[in-house]
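Working notes for the structure below.
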């Protein structure tokens with residue numbers, strides 16, 4: 001049965017206590033100051049460039065990367081990394097061209113920008129659209145994939161895992177953007193270290209099972225054993241062409257996706273909107289650097305799992321209860337093969353990614369609902385304290401909805417493609 005050893009649990013609980021205690025300290029240290037909407041939702045003037053960059057990546061990376069993208073690495077290979085490497089380039093464009101416009105015009109939400117550029121109708125449509133996407137796509141998929149991963153690794157029931165994730169993320173989210181931003185620094189350190197360790201151990205496992213002289217020799221072996229998994233561009237007729245349609249991905253469609261996500265997505269740009277231009281730009285550039293590491297941490301382990309599966313290892317573990325191959329099982333299966341202690345670190349990294357992303361998206365839900373729906377239409381005269389409390393209740397309600405919907409995603413083969 002899958003489980004965490006006593007040492008693994010100790011490593012994980014040390015991480016849990018550090019993040020929770022640090023978040024509480026940040027919250028208490030700022031409690032004496034006046035708490036208004038700019039402070040709560042944007043942490044105006046409080047986040048450093050490294051906190052902004054770390055928070056952007058922590059909010060972006062979650063179970064859909066560790067589990068979903070690794071599963072896509074298992075199924076289709078390195079081509080899925082095009083999302084990440086193009087994202088790094090897009091972040092530079094956002095830092096140079098988008099951010100100055102937002103900061104110059106004192107933009108706090110993306111619907112607010114559309115209201116100034118067009119009108120309130122366009123603004124409200126976008127606000128409602130983003131709220132639906134954040135709740136029914138983002139929060140739902142993170143809760144589902146996160147719970148699946150924890151269930152696979154620990155054997156804890158799916159429903160219990162979701163409740164744990166909801167409570168942990170709420171501890172961070174309800175403290176506002178300052179707490180999220182600075183705890184995300186710890187989360188990023190943990191997830192990068194844990195992710196790189198998992199990648200190394202996956203290559204080490206390939207080296208041991210397939211008898212290479214060194215761990216680094218496993219990389220060219222993967223290239224030989226799964227040559228079809230190292231194409232960055234699919235040709236017509238390839239199995240996954242309909243998901244990543246060749247060169248059009250690099251020069252066409254994916255730029256729309258990336259510019260929308262990194263330049264117009266509330267929970268991404270929100271971290272930089274409360275800073276001055278120099279600090280915000282440096283934060284975005286730091287995030288671009290971190291983004292380059294993601295395929296190393298998640299796609300390479302997915303390809304390693306594919307090669308081992310093809311060689312006859314953990315055949316049963318990659319199947320669901322109905323005997324159907326599930327690529328999204330790749331990363332949890334690899335984690336279960338990690339040595340004691342290291343497995344706890346990798347588990348902490350996965351949990352850090354999940355919780356940080358939940359907190360970031362929840363805060364953006366609260367921001368858009370409070371400033372673009374509640375204040376504009378429901379209670380224009382609401383006090384700052386009232387608006388902050390409404391934002392906190394929005395987090396709770398959105399999380400409950402996502403928890404109820406999440407089990408429906410069991411019907412998908414690769415949840416990353418659903419996203």
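The values are calculated or read from the model by the stated rules, or taken from the named source; none is laboratory data. The shown structure was predicted, so the numbers you read here are calculated from the model rather than taken from an experiment. Cβ atoms come from the backbone with ideal geometry, glycine included; neighbour counts cover every protein chain shown.
The sole residue among 135, 96 that is more than 22 Å from the chain's Cα centre (by Cα) and touching a residue at least 60 places away in the same chain (Cβ under 8 Å) is 96. Number of residues in region 175-228 that are surrounded by 16 or more Cβ atoms within 10 Å (Cβ to Cβ) and not in a helix (DSSP H, G or I) equals 5. A Cβ distance below 8 Å, combined with a sequence gap of six or more or placement on separate chains, defines the contacts here; from region 165-180, residues that are at positive phi reach residues that are part of a loop (DSSP other than H, G, I, E, B) and modelled with pLDDT under 80 in the pairs 176/35; 176/43.
In region 138-157, which residues are surrounded by fewer than 16 Cβ atoms within 10 Å (Cβ to Cβ) and modelled with pLDDT of 85 or more? Walk me through it before giving the result.
Pass one, region 138-157, residues surrounded by fewer than 16 Cβ atoms within 10 Å (Cβ to Cβ): 155, 157.
Of everything in region 138-157, just one residue is surrounded by fewer than 16 Cβ atoms within 10 Å (Cβ to Cβ) and modelled with pLDDT of 85 or more, namely 157.
Screening the candidates 321, 353, 348, 287 for the property of being under 29 Å from residue 201 (Cα atoms) and at pLDDT 90 or above yields one hit, 287.
Going residue by residue through region 34-43, is there one that turns out to be surrounded by 21 or more Cβ atoms within 10 Å (Cβ to Cβ), in a helix (DSSP H, G or I), within 21 Å of the chain's Cα centre (by Cα) and modelled with pLDDT of 75 or more?
At the first step, the residues of region 34-43 found to be surrounded by 21 or more Cβ atoms within 10 Å (Cβ to Cβ) are 37, 40-43.
Subset that is in a helix (DSSP H, G or I): 37, 40-42.
This time we only want the ones that are within 21 Å of the chain's Cα centre (by Cα), so: 41-42.
Those still in the list that are modelled with pLDDT of 75 or more too: none.
No, because not a single residue in region 34-43 is surrounded by 21 or more Cβ atoms within 10 Å (Cβ to Cβ), in a helix (DSSP H, G or I), within 21 Å of the chain's Cα centre (by Cα) and modelled with pLDDT of 75 or more.
Residue pairs whose Cβ atoms lie under 8 Å apart, sitting 6 or more positions apart in sequence or on different chains, and linking a residue in region 228-243 that is farther than 15 Å from residue 73 by Cβ to a partner that is modelled with pLDDT of 80 or more, are 233/79; 238/231; 241/234. Name the residues in region 275-318 that are outside any helix (DSSP H, G or I) and under 30 Å from residue 59 (Cα atoms), would you? Hits for region 275-318 are 275, 276, 292, 293.
When you check residue 328 against the structure, is it over 30 Å from residue 39 (Cα atoms), at pLDDT below 80 and crowded, with 20+ Cβ neighbours inside 10 Å, yes or no? So that I can check it myself, show each step before the final result.
Numbers: over 30 Å from residue 39 (Cα atoms): yes; at pLDDT below 80: yes; crowded, with 20+ Cβ neighbours inside 10 Å: yes.
Spelling it out, residue 328 is indeed over 30 Å from residue 39 (Cα atoms), at pLDDT below 80 and crowded, with 20+ Cβ neighbours inside 10 Å.
Here region 238-254 is the region considered, the condition is being in a helix (DSSP H, G or I) and buried (at least 17 other Cβ atoms within 10 Å of the Cβ), and the residue that is modelled with the lowest pLDDT is 249.
Restricting the search to region 138-163, which residues are under 24 Å from residue 10 (Cα atoms) and within 18 Å of the chain's Cα centre (by Cα)?
Step one: of region 138-163, the residues under 24 Å from residue 10 (Cα atoms) are 143, 145-163.
If the condition is that a residue be under 24 Å from residue 10 (Cα atoms) and within 18 Å of the chain's Cα centre (by Cα), then 143, 145, 146, 147, 148, 149, 150, 161, 162 are the ones that fit.
Any residue at all in region 306-327 that is more than 30 Å from residue 100 (Cα to Cα) and within 22 Å of the chain's Cα centre (by Cα)? Let's see the steps before the verdict.
Just the residues of region 306-327 that are more than 30 Å from residue 100 (Cα to Cα), to begin with: 306-327.
Pick out the ones that are also within 22 Å of the chain's Cα centre (by Cα) and you get 326-327.
Yes: one or more hits.
Answer yes or no as to whether residue 357 is surrounded by 18 or more Cβ atoms within 10 Å (Cβ to Cβ), in contact (Cβ under 8 Å) with a residue 40 or more places away in the chain and under 14 Å from the mean Cα position of the chain (by Cα).
Spelling it out, residue 357 is indeed surrounded by 18 or more Cβ atoms within 10 Å (Cβ to Cβ), in contact (Cβ under 8 Å) with a residue 40 or more places away in the chain and under 14 Å from the mean Cα position of the chain (by Cα).
The selection criterion, being modelled with pLDDT under 75, surrounded by 16 or more Cβ atoms within 10 Å (Cβ to Cβ) and under 28 Å from residue 289 (Cα atoms), does not hold for residue 88.
For region 107-117, a residue qualifies if it is under 17 Å from residue 263 (Cβ atoms) and either touching a helix residue (DSSP H, G or I) at 6+ places or on another chain (Cβ under 8 Å) or modelled with pLDDT of 90 or more (or both), and the qualifying residues are 107, 108, 109, 110, 111, 112, 113, 114.
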